[in-house]
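Participant: Below are the structure tokens for one structure; questions will follow.
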Ligand SMILES: Nc1nc2c(c(=O)[nH]1)N[C@H]1C(S)=C(S)[C@@H](COP(=O)(O)OP(=O)(O)OC[C@H]3O[C@@H](n4cnc5c(=O)[nH]c(N)nc54)[C@H](O)[C@@H]3O)O[C@H]1N2
Ligand SMILES: Nc1nc2c(c(=O)[nH]1)N[C@H]1C(S)=C(S)[C@@H](COP(=O)(O)OP(=O)(O)OC[C@H]3O[C@@H](n4cnc5c(=O)[nH]c(N)nc54)[C@H](O)[C@@H]3O)O[C@H]1N2
Ligand SMILES: [Mo]
């Protein structure tokens, strides 16, 4: 979403800078933008289809590859049923409109309901809660970062991540501006993060206990008569019910388990309410924990009860030029939950997808419906999903695995076929997803910087080619001739053009209208500012009665799991949670120079001191005789690893932090620079059984680990 200005001589990139004329990013870029050059020029990047025979890879032609992919997928489905082929779509898919639409097209042709994606190691609780409360999984309220007076951040590190479900270039400057206008920033995090470093207040919290803190904040607000939902009061259901539920969670009850003392909680509640425009924002650290959905729900409740939802300076909904919620461009149905469950463990589907924590066992467990074929696109689940090691033992058991990716990495090394798409600079760009999640309404379309080479294919073309082969090989999948023609005509680019034209800001079919069209947007390559987010409720709600259910039944039920889990700790600190004791809690960490697992083959991104380190508090290090720089043995239920220790008081006692996306030393990985800076994979410690039991989202934070200096 940040504007970049790239100078080049032919295909050679000379410089990459922030685009000063971009109305959204205003010249800001983060180090990842520089990696564009390195990935673009990377000699390890695949440009032609590769077939694996044993350990050896051979180039084959596109036609051969498409034919083989379709034939082998179909053969598995014919013999074992359509569910025997599964799919996993990774994060970069949502950064490419062609990838997203092509992926949807391929899924339709595959006809398997065995679908997985990075959503369930990330933002699944947000979708579930938005669907339950606002009627659509993509109705996600966005903090009004530039106008708020009080930002309460739980489990997010936007100074490093650039915000997430709050897309915001140059967060550091925006936070400085917040404080300059007299506003406050409070960060609740088990680690004093880069964002906490620039906050007015940082509060340590025991991982996985945010729901308790939020209940107590609400309890104080209700008990002190501070609830004031304002304009939305008439659109709410369940306010009294919520008051009753929260009444059971006064600050004194949650102080021990959360590690936040009661006075701090009371003051935080009062300050939040006293601010003319406050917003609570919670991200990864809150959604990927054992009570992820509860916490995301209570964040919504806090904003609503204090009158900060749909208010300037609070949380607002975007109104982008292309609203996928309305335009039906191929994905983004309102939502569904638990219509089906996974075969082995019975985890619920959300919106047609299963939690990826179940993927490995669905491959490994024999029986009807066992996964025997897999398609991955833009994902690296061996490094990104819980107990990635188990997945790495499952993938070789597949009869056929197809990966759409341009690297032979920890996951794709197991594929039988890799089909490499073009990279960012060889294709056009329209941000289908992140305009919808940004702190300001803006729009931009970029032409490809470089023409792709004749033998390269875009993500969507690869998907289309396989999908149409599947349909021609299997008469039952063949759509009527007219649909086929329409599908062929409606390329991703035509789809977005149509979505923009018919959108609420679009020109429609009126030639005299000054509304937006794709070509008008394209004529302004720096982007167009469409203004700040605006209040839009209740009209914009997707619920059938245009009301918000403050206490959805599913979440209400899940409160008893919370109460049960924390029943014993009330009033006393469990022996094993004290600093220096045996068990510790593992959390993650992001760095400005990484992007999940896939930018480590860029020298610029990996140079300097090793960043894949285990951060630990000095007291915990001392009791384990671990000096800074020493190697620790870290064990969990699922595995163990050795990693260099970084002693720092930025960590809460009892908590250790290890970044994910490293661990490139596995056999067969063909990433020369990444291998030389391999690191270890945090997801060899995370646990596929440790999930948010309501949503099925992976609990990547708060994992039980044992840390020692011993060498085994
Ligand atoms: N440079 C860079 N930027 C990125 C990415 C990247 O890899 N690198 N990844 C992108 C992606 S895919 C995403 S989803 C976003 C994520 O964006 P963010 O959510 O902003 O980023 P994280 O660094 O994951 O922040 C999670 C924070 O939660 C804290 N935490 C862990 N457990 C708990 C807990 O139980 N309670 C609380 N309150 N806090 C907890 C962690 O210490 C951490 O500071 O970032 C995006 N931006
Ligand atoms: N322990 C722990 N685990 C985590 C997290 C954490 O905080 N802690 N964060 C989680 C989060 S938020 C996320 S989003 C996931 C990410 O998990 P994944 O999406 O599974 O993994 P990535 O590392 O993003 O891998 C992206 C892959 O896409 C490829 N790629 C890049 N661009 C393109 C493209 O345009 N087309 C195609 N076809 N391929 C492309 C890259 O080569 C790479 O192989 O990880 C999750 N895992
Ligand atoms: Mo993510």
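The values are calculated or read from the model by the stated rules, or taken from the named source; none is laboratory data. These figures come from a predicted structure and were not determined experimentally. Positions of Cβ are backbone-derived with ideal geometry, glycine not excepted, and every protein chain shown enters the neighbour counts.
Participant: Of all the strands (runs of 3 or more DSSP E) wholly in segment 378-460, which have at least 1 residues that are within 13 Å of ligand 2 (Cβ to nearest atom) and modelled with pLDDT of 95 or more? Full working, then the answer.
Facilitator: Details: elements: 400-404, 417-419, 440-443.
By residue number, 400-404, 417-419.
Participant: Would you mention how many residues in segment 244-263 are buried (at least 21 other Cβ atoms within 10 Å of the Cβ) and out of contact with any helix residue (DSSP H, G or I) (no Cβ under 7 Å at 6 or more places or on another chain)?
Facilitator: Of the residues in that region, 2 qualify.
Participant: Another one. Within segment 136-155, identify whether any single residue is outside the structural domain of residue 73 (by TED's automatic domain parsing), part of a loop (DSSP other than H, G, I, E, B), touching a residue at least 24 places away in the same chain (Cβ under 8 Å) and within 14 Å of ligand 2 (Cβ to nearest atom), and answer yes or no.
Facilitator: The answer is yes, given that some residue of segment 136-155 is outside the structural domain of residue 73 (by TED's automatic domain parsing), part of a loop (DSSP other than H, G, I, E, B), touching a residue at least 24 places away in the same chain (Cβ under 8 Å) and within 14 Å of ligand 2 (Cβ to nearest atom).
Participant: Hey, which of the helices (runs of 4 or more DSSP H) in segment 279-356, taking only ones fully inside, have at least 1 residues that are out of contact with any strand residue (DSSP E or B) (no Cβ under 8 Å at 6 or more places or on another chain), touching a residue at least 60 places away in the same chain (Cβ under 8 Å) and more than 30 Å from residue 445 (Cβ to Cβ)?
Facilitator: Working: elements: 284-287, 292-305, 324-327.
By residue number, 284-287, 292-305.
Participant: Can you tell me which residue is surrounded by the most Cβ atoms within 10 Å (Cβ to Cβ) among those in segment 203-229 that are in contact with a strand residue (DSSP E or B) (Cβ under 9 Å, 6 or more places away or on another chain) and within 23 Å of residue 277 (Cβ to Cβ)? Quick ask: steps written out before the conclusion?
Facilitator: Residues of segment 203-229 that are in contact with a strand residue (DSSP E or B) (Cβ under 9 Å, 6 or more places away or on another chain), as a first pass: 203-208, 210, 213-214, 217, 229.
From what is left, the residues that are within 23 Å of residue 277 (Cβ to Cβ) are 203, 210, 213-214, 217, 229.
Values: 203: 21, 210: 28, 213: 27, 214: 31, 217: 29, 229: 19.
Checked segment 203-229; the qualifying residue surrounded by the most Cβ atoms within 10 Å (Cβ to Cβ) is 214.
Participant: Could you please let me know if residue 133 is in a helix (DSSP H, G or I), more than 9 Å from ligand 1 (Cβ to nearest atom) and under 27 Å from residue 435 (Cβ atoms)? So that I can check it myself, show each step before the final result.
Facilitator: Details: in a helix (DSSP H, G or I): yes; more than 9 Å from ligand 1 (Cβ to nearest atom): yes; under 27 Å from residue 435 (Cβ atoms): yes.
Yes: the conditions hold for residue 133.
Participant: Check whether at least one residue in segment 135-143 is surrounded by fewer than 20 Cβ atoms within 10 Å (Cβ to Cβ), at pLDDT 95 or above and within 16 Å of ligand 3 (Cβ to nearest atom), and report yes or no.
Facilitator: Let us first name the residues in segment 135-143 that are surrounded by fewer than 20 Cβ atoms within 10 Å (Cβ to Cβ), namely none.
Checked against the condition, which is being surrounded by fewer than 20 Cβ atoms within 10 Å (Cβ to Cβ), at pLDDT 95 or above and within 16 Å of ligand 3 (Cβ to nearest atom), segment 135-143 yields no hits at all.
Participant: May I pose another question? Can you tell me which residue in segment 156-191 is farthest from residue 699 (Cα to Cα), limited to those that are in a strand (DSSP E or B) and more than 7 Å from ligand 1 (Cβ to nearest atom)?
Facilitator: Of all residues in segment 156-191, those in a strand (DSSP E or B) come to 167, 184-188, 191.
Subset that is more than 7 Å from ligand 1 (Cβ to nearest atom): 167, 184-187.
Values: 167: 23, 184: 30, 185: 26, 186: 24, 187: 21 Å.
Only one residue tops the list, namely 184.
Participant: Somewhere in segment 192-214, is a residue in a loop (DSSP other than H, G, I, E, B), more than 25 Å from the chain's Cα centre (by Cα) and either farther than 28 Å from residue 553 by Cβ or not assigned by TED's automatic domain parsing to the domain that holds residue 691 (or both)? It would help to see each step written out before you state the result.
Facilitator: Initial filter on segment 192-214 (in a loop (DSSP other than H, G, I, E, B)): 192-193, 198-200, 204-209.
Next cut, more than 25 Å from the chain's Cα centre (by Cα) only: 200.
With either farther than 28 Å from residue 553 by Cβ or not assigned by TED's automatic domain parsing to the domain that holds residue 691 (or both) added as a condition, the list becomes 200.
Checked segment 192-214: at least one residue is in a loop (DSSP other than H, G, I, E, B), more than 25 Å from the chain's Cα centre (by Cα) and either farther than 28 Å from residue 553 by Cβ or not assigned by TED's automatic domain parsing to the domain that holds residue 691 (or both).
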